[in-house]
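The values are calculated or read from the model by the stated rules, or taken from the named source; none is laboratory data. Note that the coordinates shown come from a computational prediction; the quantities given were computed from them, not determined experimentally. Neighbour counts are summed over all protein chains in view; Cβ atoms, including those assigned to glycine, are modelled from backbone coordinates with ideal geometry. Ligands, DNA and RNA are stripped out before the accessible areas are found, and what is left, the full protein with its side chains, is counted by its heavy atoms. Shrake-Rupley method; radii C 1.70, N 1.55, O 1.52, S 1.80 Å.
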Amino acid sequence: MILYDYILSPSCYKARLMAALTGLKLTLRAVDFHPGAEHRGPELLALNPAGSIPILVDGDLVLTESSAILVYIASKVAPAWLGTGEPSTAARIQQWLSFSARLTASLGGARLHEMLHRPGDIDTLRASGVIAFRELEAALFEQRLKGEAFLVGNTATVADIACFPYVALAPDGGVSLDFYPSIRLWMRAIRSLEGFIEMPGIHRLHELKPDPHETPALTETAEA
């Protein structure tokens, strides 16, 4: 499989991370996204007329949406990442895959505005990101009450990988993670997974050191 990739793209990172977690070997084809805008050149527009990345090519198959790429990788090499196979589980995963597009539009838009000076109403983008964070925090808190560490059960799925990068990089767009303890614990759980890889701005856990944002009282209260 060939992944047309940009190292600073959270959406491309989703594909690299999914491949690493499932042991799949990808051939990475670096794209000069900025400043070269290679993704809008004739070669890549022929693969994806929308002019976006990532692009995954596997033989005659071309996939251009990150959620579809995650599902395809999991289907090929690690179906457990797609959940239990029960209709309710599949529906919940699909709901979070759809939710991840809201994170891309809001938190991702704010990040592009701040880092690459892309046009956008930064206040609206950040406000939309905060709304999404509140929904995610509430859902993860409910999961923790059930003793489950991830979005759909106590095992990571493609849903977690779809949502993780733009959440982790939200501070790049001026949206703080300080007020969301359940989100931070969920992020630590993902970063603890065997095979986890980094990207600029997202690092491995080093010996699972405590989250400096958390106090014992907060952790005990949240998990009580």
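Things worth noting here:
- Residues that are of a type in the set (S, T, N, Q) and in contact with a helix residue (DSSP H, G or I) (Cβ under 6 Å, 6 or more places away or on another chain) within segment 24-72 comprise Ser66, Ser67, listed in sequence order.
- All conditions but one from (1) closer than 18 Å to Ser11 by Cα; (2) surrounded by 18 or more Cβ atoms within 10 Å (Cβ to Cβ) apply to Ala149; the one that does not is (1).
- Qualifying position, being over 18 Å from Leu193 (Cα atoms), in a helix (DSSP H, G or I), of a type in the set (Val, Ile, Thr) and open to solvent by 20 Å² or more (accessible area, probe 1.4 Å), among Ile131, Ile93: Ile131
- Those strands (runs of 3 or more DSSP E) lying entirely in segment 1-69 with at least 3 residues open to solvent by 60 Å² or more (accessible area, probe 1.4 Å) and within 24 Å of His203 (Cα to Cα): 27-30
- On inspection, Arg126 does not qualify as touching a helix residue (DSSP H, G or I) at 6+ places or on another chain (Cβ under 6 Å) and outside any helix (DSSP H, G or I).
- Residues of segment 157-178 classified as in contact (Cβ under 8 Å) with a residue 24 or more places away in the chain and open to solvent by 30 Å² or more (accessible area, probe 1.4 Å), total: 3
- Verdict on Leu103 being hydrophobic (A, V, I, L, M, F, W, C) and more than 18 Å from the chain's Cα centre (by Cα): no
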